[in-house]
Amino acid sequence: MPSRWPRSPWRFRRGAAVAIGQAAPDFSLTDLDGHAHRLSDFKGKIVVLEWNNPDCPIVHKHYDSGNIPRLQKHATADGVVWLLINSGAPGMQGGDYSSDQIKAWLRQRGFGADGLPAGSRGKVGHLYAAKATPHMFVIRADGVLAYDGAIDSVPSSNQSDIPRAENYVSEALAAVEAGQPVAKPSTRAYGCSIKYGD
C-alpha cells in the first residue's frame, strides 16, 4: 500500500460551496462493488458523509483506535446512513488503492458503515468544499445540512487525545435525532489536505 505521509495535521476553514441550514447538494457516486448511489436516494434518513484517506495519520488515529468505527456502528444501528468518500486523485496520497485493498483496510479496522463511494476526480469533494481527511458532514432526514467540520475538538494524530476531545459528530447526530438544532453546526476540519489533483 502507498506509504506517503503528510508533514503535520492542519485545520482547514469551511468553504462556501455548502451552507448550514440549506439543502445538501445532491450527487451520484459508484461504490466499491460497482453500485451507483445518489444522496437523494436516502431522503428520509439522516446521512453522514466522511472524507477518508487510508494514508492519513489523522484517519489512522480515529480508525486504529476504533473511535470512528464505534461511532459508525452506533449511528447505523439507529438507522443513520454513513458514507465514506475518498477524493484523492490517482498518483496522489490515498488515491492509488484498489477496491480490494480499501475493503481489506476497512475490514481490518472494524468498519461499521454502509458503503464507500469512490469520488470521481474530486467532483463531490469540490461540491462540498471538503478540505481534509476526515472532513465530516451530517445531513438531516429532510436533506438539509446540519453539520460541517471536524470529527472532534482536538486536532492531533495522538490516540491518547481522543478521550478528552469533544466529539462534534456524535453531538450533531444526537441533536438531529432529537429534532434539536446542532449547538456547534460548523467547525474547522483538521487532518490531511485532500489531494485532488485537479
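The values are calculated or read from the model by the stated rules, or taken from the named source; none is laboratory data. Because the structure is a prediction, the values reported are computed rather than measured. Ideal geometry is used to build each Cβ from the backbone, glycine not excepted, and the neighbour counts take in all protein chains shown. Surface accessibility is based on the protein's heavy atoms, side chains included, excluding ligands, DNA and RNA. Shrake-Rupley method; radii C 1.70, N 1.55, O 1.52, S 1.80 Å.
Some notes on this structure:
- Restricted to the stretch 135-153, and to residues there that are part of a loop (DSSP other than H, G, I, E, B) and open to solvent by less than 10 Å² (accessible area, probe 1.4 Å), the residue that is farthest from Ala19 (Cα to Cα) is Ile151.
- Members of the stretch 157-198 found to be among the polar types (S, T, N, Q) and surrounded by 14 or more Cβ atoms within 10 Å (Cβ to Cβ), listed by number: Ser157, Gln159, Asn167, Ser170, Ser186, Thr187, Ser193
- Among the residues of the stretch 160-198, those that are within 19 Å of Arg70 (Cα to Cα) and within 18 Å of the chain's Cα centre (by Cα) comprise Ile162, Ala165, Glu166, Asn167, Tyr168, Val169, Ser170, Glu171, Ala172, Leu173, Ala174, Val176.
- Count of the stretch 145-198 residues which are closer than 11 Å to Ile58 by Cβ and of a type in the set (Val, Ile, Thr): 2
- Filtered residues of the stretch 30-54 (kept if more than 21 Å from Gly88 (Cβ to Cβ), among the charged types (D, E, K, R) and not in a strand (DSSP E or B)): Asp41, Lys43, Lys45
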